[in-house]
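Here the structure comes first, spelled out in structure tokens, and everything after it is commentary.
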Protein chains: 2
Amino acid sequence: MKEVQVYSPATIANLCCGFDVLGMALNEPADEMIFRKSPSPGVHITKILGAQLSKQPDKNVVGVVLEKILHHLSNKKLGIEVEIYKNIKPGSGIGSSAASAAGAAVGANILLGTNLKPIDLIKFALEGERLASGTGHADNVAPAILGGISLVKSYCPLEIISLPSPKKLWATIIHPDIEIKTLDARQILNKKVSMKDAVKQWGNVGALVSALYRDDVYLLNRSLEDFIAEPLRSIFIPAFYALKIECKKVGAIGGGISGSGPSVFMLSKNKDIAEKIAKRMTEIYTFLPIKYRIYISTINNTGVKYNFK
Amino acid sequence: MKEVQVYSPATIANLCCGFDVLGMALNEPADEMIFRKSPSPGVHITKILGAQLSKQPDKNVVGVVLEKILHHLSNKKLGIEVEIYKNIKPGSGIGSSAASAAGAAVGANILLGTNLKPIDLIKFALEGERLASGTGHADNVAPAILGGISLVKSYCPLEIISLPSPKKLWATIIHPDIEIKTLDARQILNKKVSMKDAVKQWGNVGALVSALYRDDVYLLNRSLEDFIAEPLRSIFIPAFYALKIECKKVGAIGGGISGSGPSVFMLSKNKDIAEKIAKRMTEIYTFLPIKYRIYISTINNTGVKYNFK
């Protein structure tokens, strides 16, 4: 194989109640990467468009993942070169680093014919996440690789459960152009949570998982609550509660902070409502001196996509 | 209708990871109660066998529930008399007070033809639970009334989700004859839990709910973990970890403390393994100077049962 072209999706981690354990893959936006075998051993990042990122492999999420895979193969002659086209803005909270990491793992696997299992691809991608955020959280990389909605059952051992995706589900995402570092968003959280809130949270996790198996949007609506992160992290996001309240008025099933923010996602049953939500988001943000982007997407049920020649 | 005879089941609350939100109904043991209309208004507890409990209605779980229902009907002429045969020992941790409360709610509903909805029966039964434990927890009364496995999605508003029960599931329960008051078992718990443990707990709740929808005993096995209550409450239960470890060796899917203890439950796929578990429990407790009872039961998928004439 000469060349592998990869489309690695944005993802929404947490899905409100599922802090650090739930994530969902989107079709839009997605990063593109092109992987080629290189006569020169090691990893070579030849081009990066769309973001200011280091081309030095050990300082780049894609580079780190590729180096880990090459190291795993213990073939010192192997070389990979890669072009990266970032469509998912770093720091947006919709899994930018996870898309890089997941795309790198899948791209290398196809290019080199290593036939790694999905759980191993996730493990390699986690190494990239670790570089980006200091911790290796799987709630973005798992759905990016597997598609659909993933539950991180446990980390030790790493166990991921693919949950059923609702047949008709759209996401509208607003990405306010402000910076919240994943590490800061993590540090604002309390290291301890009240038992009362924890019980409410896992009641909702159980209900949300149930809603997915039943394809019950009404139950999904009632389960999309977050008593742990949202009350604290929402302070960083201008007009967060206005977005939540107003988008529900135009038909949103529910939503909240995407990952650690600043993006806010709202789910809906069809394209028409998804577009109404986008319109309402725009109307609200028009009043603020902040740039923003809005994405409308269906769920990506296949994960990272690729072509090769 | 002259008389309603009720069989109200024991229940296992928490199911390890689902602290305060999950519960499962059993076929054995069950309390029996007989309800009759009385010419004398109010509630009259005429007989209690099997436990030392007050016959004064406002000091008895059955009495409290019946009084609440009579109050709700605002018919001051109505009278109910009830005989109570307690087969579920109070303080055993398998929902003794919940069986009384659930049986009372269902019994009165049938006797008086009030046609209350299950969610309202649960609300009345919660008043009985409040008398017994100081708090109105629904993880025993909900499955006692609905049967099968219940998830308490939220308390405000009260929302209960009936989860699918595995086709083949047996429970073996050992009830060591020691006293742990529900209130004490609650007070030993920390009011705050670490974020790390909370995340592990809701990862398992999501996985357990998933296991039930998939009827996947292997996933059920891996999800029956409790990082919140078990490490603290298990100190009250002699040989708790020996029971867990040894019962798994003879084929238990998993298990833990039933409710707030002291009963310990172990789940299995068939009667043969359920009996092996009972034998292993007996062998362990033979070494201890503590009396105990052992129950073997299938899941009760109908909840409180009744006959009338």
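What the table shows:
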| quantity | calculated |
| --- | --- |
| Extreme residue, farthest from the other protein chains (Cβ to nearest Cβ), among residues of segment B:197-236 that are acidic (Asp, Glu) and closer than 18 Å to A:PRO164 by Cα | B:ASP215 |
| Residue among A:LYS269, A:LYS244, A:LYS276 that alone is in contact (Cβ under 8 Å) with a residue 12 or more places away in the chain and touching a Leu at 6+ places or on another chain (Cβ under 8 Å) | A:LYS269 |
| Residue satisfying all of: in segment B:148-190; out of contact with any strand residue (DSSP E or B) (no Cβ under 8 Å at 6 or more places or on another chain) and of a type in the set (S, T, N, Q); farthest from A:LYS196 (Cα to Cα) among these | B:THR182 |
| Checklist (1) within 14 Å of another protein chain (Cβ to nearest Cβ); (2) within 20 Å of the chain's Cα centre (by Cα); (3) polar (S, T, N, Q) applied to A:SER268, failing item | (1) |
| Test: residue in segment B:238-251 that is open to solvent by less than 60 Å² (accessible area, probe 1.4 Å), at pLDDT 95 or above and hydroxyl-bearing (Ser, Thr, Tyr) | no |
| Residue match in segment B:167-187 (condition: open to solvent by less than 30 Å² (accessible area, probe 1.4 Å), modelled with pLDDT under 95, more than 14 Å from chain A (Cβ to nearest Cβ) and under 15 Å from the mean Cα position of the chain (by Cα)) | no |
| Residue check, A:PRO262 assigned by TED's automatic domain parsing to the domain that holds A:HIS175, within 29 Å of A:GLU129 (Cβ to Cβ) and open to solvent by 10 Å² or more (accessible area, probe 1.4 Å) | no |
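The rows are residues; the columns are (1) open to solvent by 20 Å² or more (accessible area, probe 1.4 Å); (2) modelled with pLDDT of 95 or more.
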site: A:GLN56; (1), (2): yes, yes
site: A:LEU73; (1), (2): yes, no
site: A:LYS76; (1), (2): yes, no
site: A:ILE84; (1), (2): no, yes
site: A:ASN87; (1), (2): yes, yes
site: A:ALA98; (1), (2): no, yes
site: A:LEU111; (1), (2): no, yes
site: A:ILE119; (1), (2): yes, yes
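The values are calculated or read from the model by the stated rules, or taken from the named source; none is laboratory data. No experiment lies behind these values; they were computed from the predicted model shown. All Cβ positions, even for glycine, are placed from backbone atoms using ideal geometry, and neighbour counts span all protein chains on display. Just so you know, the surface numbers come from the protein's heavy atoms only, side chains and all, with ligands and any DNA or RNA stripped out. Shrake-Rupley method; radii C 1.70, N 1.55, O 1.52, S 1.80 Å.
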